[in-house]
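Following: one structure in structure tokens, then a few remarks.
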Amino acid sequence: MADFSELIKMVETGKVKMVKELVNAALADGVEPKVILDEGLLPGMSNIGEKFKNNEVYVPEVLIAARAMNAGVTILKPLMASGEIADAGTAVIGTVKGDLHDIGKNLVKMMLEGKGINVVDLGVDVSAEKFVEEAIANNAQIICCSALLTTTMNEMENVVKVATEKGIRENVFIMVGGAPITQEYCDKIGADCYTTDAASASDAAIEYLKK
Ligand code: B1M
């Protein structure tokens, strides 16, 4: 069995060049791309997620680790069958209508990808209708809404309403988060899950997909 400890460390510490070299070396040794992904790249990202959750590292460290993981994924992607690279499930993610803050949303996206979830990033200023249309178009099991403004967070309630109107409410897990969001708010609007940080969001998402 290949030893991925070095690759895991290089992802965690954001060493893009070393990650590329180690991924290429593993491929040259005949290791399956999916094994490199599951046992080298994803655990590296998962480790940094745990540290981030425990305030042992901060946003910049997560961003550089994600960049390193993506450098490895870019090498593996063309070598893997479609669906193999992120087969845990699909989530659509965005920052709600009227809101342009995307740093937290991008962190949640990276953590979800770090769990092997396929993420469709709708960007910022996303209307409730767009969240639901894209969830349907991409057969997503999860909708992730981020909001940083008290003036925009109410669009999350519309996401729940539109999902109900379009008949997908029972089949989609609606996750909400961002600085002004609370568990109480999540319950009030009838969303499924509130988490305080990106790593916890990815834990909750993968737990839901495994059920
Ligand atoms: Co603005 N901004 N901003 N801002 N901004 C805040 C949010 C604010 C609290 C600052 C303040 O007044 N103290 C305030 C909001 C007040 C309120 O509504 N209560 C504010 C304001 C008022 C504004 C403007 C209105 C300012 C103006 O123009 N007068 C304006 C609004 C523009 C708009 O969106 N329409 C504005 C603009 C901007 C910038 C463009 C300059 C910039 C955004 C750049 C960008 O995102 N690309 C900006 C920034 C950077 C901030 C602060 C300083 C930092 C936000 C941030 O990125 N934090 C912020 C003050 C602060 O928080 N100290 C502030 C880091 C990020 C990692 O945290 O996004 O909370 P966060 O994500 C966390 C969790 O919340 C969670 O995970 C992350 C951690 O792991 N999380 C989720 C997030 N989404 C989740 C989803 C989940 C689960 C967890 O499940 C789906």
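The values are calculated or read from the model by the stated rules, or taken from the named source; none is laboratory data. All figures in this text were calculated on a predicted structure; none of them were measured in a lab. All Cβ positions, even for glycine, are placed from backbone atoms using ideal geometry, and neighbour counts span all protein chains on display.
List of remarks:
- Residues that are within 17 Å of the chain's Cα centre (by Cα) and of a type in the set (Gly, Ala, Ser) number at least 2 in the following helices (runs of 4 or more DSSP H) confined to segment 10-80: 42-53, 59-76.
- Considered as a group, the residues in segment 19-45 that are among the hydrophobic types (A, V, I, L, M, F, W, C) and touching an Asp or Glu at 6+ places or on another chain (Cβ under 8 Å) include one that is farthest from Gly114 (Cα to Cα), and that residue is Leu22.
- Some residue of segment 176-185 being hydroxyl-bearing (Ser, Thr, Tyr), touching a Lys or Arg at 6+ places or on another chain (Cβ under 6 Å) and assigned by TED's automatic domain parsing to the domain that holds Val120: no
- Options Ala163, Ala205; residue that is near the ligand (Cβ under 9 Å from one of its atoms), crowded, with 18+ Cβ neighbours inside 10 Å and not in a loop (DSSP other than H, G, I, E, B): Ala205
- Total residues in segment 120-150 satisfying the condition of being surrounded by fewer than 24 Cβ atoms within 10 Å (Cβ to Cβ) and in a strand (DSSP E or B): the figure is 2.
- Pair list, Cβ < 6 Å and 6+ apart or interchain, from segment 171-187 residues that are farther than 17 Å from Ala199 by Cβ to residues that are hydroxyl-bearing (Ser, Thr, Tyr) and more than 11 Å from the ligand (Cβ to nearest atom): Phe173/Tyr208
- Residue among Tyr185, Tyr194 that is surrounded by fewer than 19 Cβ atoms within 10 Å (Cβ to Cβ) and either over 17 Å from Met111 (Cα atoms) or at pLDDT 95 or above (or both): Tyr185
- Scanning segment 137-160 for residues that are of a type outside the set (A, V, I, L, M, F, W, C) and either out of contact with any strand residue (DSSP E or B) (no Cβ under 7 Å at 6 or more places or on another chain) or within 13 Å of the ligand (Cβ to nearest atom) (or both) yields Ser146, Thr150, Thr151, Thr152, Asn154, Glu155, Glu157, Asn158.
- Restricting segment 166-192 to residues that are within 23 Å of Ile103 (Cα to Cα) and of a type in the set (Val, Ile, Thr), the residue that is farthest from the ligand (Cβ to nearest atom): Thr182
- Just one of the numbered conditions (1) surrounded by 15 or more Cβ atoms within 10 Å (Cβ to Cβ); (2) not assigned by TED's automatic domain parsing to the domain that holds Glu157 is not true of Asp38: (1).
- Answer from Ala128, Ala179, Ala147, Ala137 - the residue that is farther than 30 Å from Leu7 by Cβ and more than 19 Å from the chain's Cα centre (by Cα): Ala128
- Taking segment 90-129 as the range and being in contact (Cβ under 8 Å) with a residue 40 or more places away in the chain, more than 8 Å from the ligand (Cβ to nearest atom) and over 15 Å from Ala201 (Cα atoms) as the test, the residues that pass are Val96, Lys97.
- Check on Gly14, touching a residue at least 40 places away in the same chain (Cβ under 8 Å), surrounded by 17 or more Cβ atoms within 10 Å (Cβ to Cβ) and in contact with a Ser or Thr (Cβ under 9 Å, 6 or more places away or on another chain): no
- Meets criteria (at pLDDT 95 or above and farther than 22 Å from Ala137 by Cβ) for Thr152: yes
- Evaluation of Thr74 against the conditions (1) at pLDDT 95 or above; (2) in the same structural domain as Asn47 (by TED's automatic domain parsing); (3) of a type in the set (Val, Ile, Thr) shows that the sole unmet condition is (1).
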